[in-house]
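S.K.: Below is a structure I'd like to ask you about.
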Amino acid sequence: MTPRSFLLTPQLAEYVRASSEPYDEVVLDLMTETAELAARGEASPTFQIAPEQGSFMQLLAGALGVRQAIEIGTFTGYSALCVARALPDGGRLVCLDRNGEWTAIARRYWERAGVGDRVELLLGDAHETLRGLPADPTFDLAFVDADKTGYADYVEQLYPRMAANGVVLLDNTLRNGEVLDPRDDDARSVAELNRALAADPRWETVLLPLADGLTVLRKR
Ligand SMILES: C[S@@+](CC[C@H](N)C(=O)[O-])C[C@H]1O[C@@H](n2cnc3c(N)ncnc32)[C@H](O)[C@@H]1O
């Protein structure tokens, strides 16, 4: 069982995956262990990003030549693994999360993939952790996948910390389609932020219908 976009039938999701580079054993084992966690009711089955999104993020980070990256919302480490694998020697990924048990699983898989030394995990409330980070070095890539009502604060805090042309990725910006008719605080916050970002001259903005919606922001 892997997370699937609400935009795809199960058959199309399979086709999308079969038409992209195959996942290695580390990724497959991480997906299995995370699915088992969800099956035991110890985590949401929708937390982990979809595999095609992970592959896309890895390709993007590599193509952009990202050296300094930050992730907000790490869970068991799949999205971080994808970005870390794209970093060159000396590259760094800072991961923010508040859950020590889930990120201990992440740490195991990063070590197994040989990228553990590139990842710095900072545990605690991500809003506070981010506030405490120095302005330098700036980040080339940021991925936000934590509390949805907090996205606007993360985007504001990230702006001065991003390099010129730096890219911020925001996950779940379609909220399973609920942005059209928001019924809870998460969907309302995301819909409001989507509206604000489309009109914000500081960012070039594209909302991609990938997985559950992935917004790409480029700092102008
Ligand atoms: C959707 S999961 C992240 C999934 C991950 N990107 C992946 O690919 O597996 C959200 C994560 O955000 C973390 N989180 C939520 N709110 C947070 C906060 N205010 N501070 C720190 N971490 C938070 C949760 O502990 C959880 O691990």
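S.K.: Could you say which residue among Leu193, Leu170, Leu158, Leu133 is within 16 Å of the ligand (Cβ to nearest atom), of a type outside the set (S, T, N, Q) and in a strand (DSSP E or B)?
M.R.: Among Leu193, Leu170, Leu158, Leu133, only Leu170 is within 16 Å of the ligand (Cβ to nearest atom), of a type outside the set (S, T, N, Q) and in a strand (DSSP E or B).
S.K.: Starting from the range 17-30, take each residue that is part of a helix (DSSP H, G or I) and list its partners that are open to solvent by 90 Å² or more (accessible area, probe 1.4 Å), counting only C-beta distances under 7 angstrom and pairs at least six apart or across chains.
M.R.: Val26/Arg112
S.K.: Further, regarding this structure: So if I check each of Leu169, Leu130, Leu141, which one is more than 17 Å from Gly77 (Cα to Cα) and open to solvent by less than 30 Å² (accessible area, probe 1.4 Å)?
M.R.: Of Leu169, Leu130, Leu141, the one residue that is more than 17 Å from Gly77 (Cα to Cα) and open to solvent by less than 30 Å² (accessible area, probe 1.4 Å) is Leu130.
S.K.: Starting from residues that are among the small types (Gly, Ala, Ser) and surrounded by 15 or more Cβ atoms within 10 Å (Cβ to Cβ), keep the ones in the range 96-114 and report whichever is nearest to the chain's Cα centre (by Cα).
M.R.: For the range 96-114, the residue satisfying everything is Ala106.
S.K.: Can you name the number of the only condition in (1) outside any helix (DSSP H, G or I); (2) at pLDDT below 95 that Gly41 fails?
M.R.: It fails just one condition, (2).
S.K.: Could you list, in sequence order, the residues of the range 94-118 that are within 13 Å of the ligand (Cβ to nearest atom) and not in a helix (DSSP H, G or I)?
M.R.: Within the range 94-118, Val94, Cys95, Leu96, Asp97, Arg98, Asn99 qualify.
S.K.: Something else now. Looking at Ala80, Ala84, Ala61, Ala43, which one is in contact with a Lys or Arg (Cβ under 7 Å, 6 or more places away or on another chain), open to solvent by less than 70 Å² (accessible area, probe 1.4 Å) and in contact (Cβ under 8 Å) with a residue 24 or more places away in the chain?
M.R.: Ala84
The values are calculated or read from the model by the stated rules, or taken from the named source; none is laboratory data. The structure displayed is predicted, hence computed values, not measured ones. Positions of Cβ are generated from backbone atoms using ideal geometry, with glycine treated the same way; all protein chains shown enter the neighbour counts. For the accessible areas, the whole protein counts, side chains as well, though only heavy atoms, and no ligand, DNA or RNA atoms are used. Shrake-Rupley method; radii C 1.70, N 1.55, O 1.52, S 1.80 Å.
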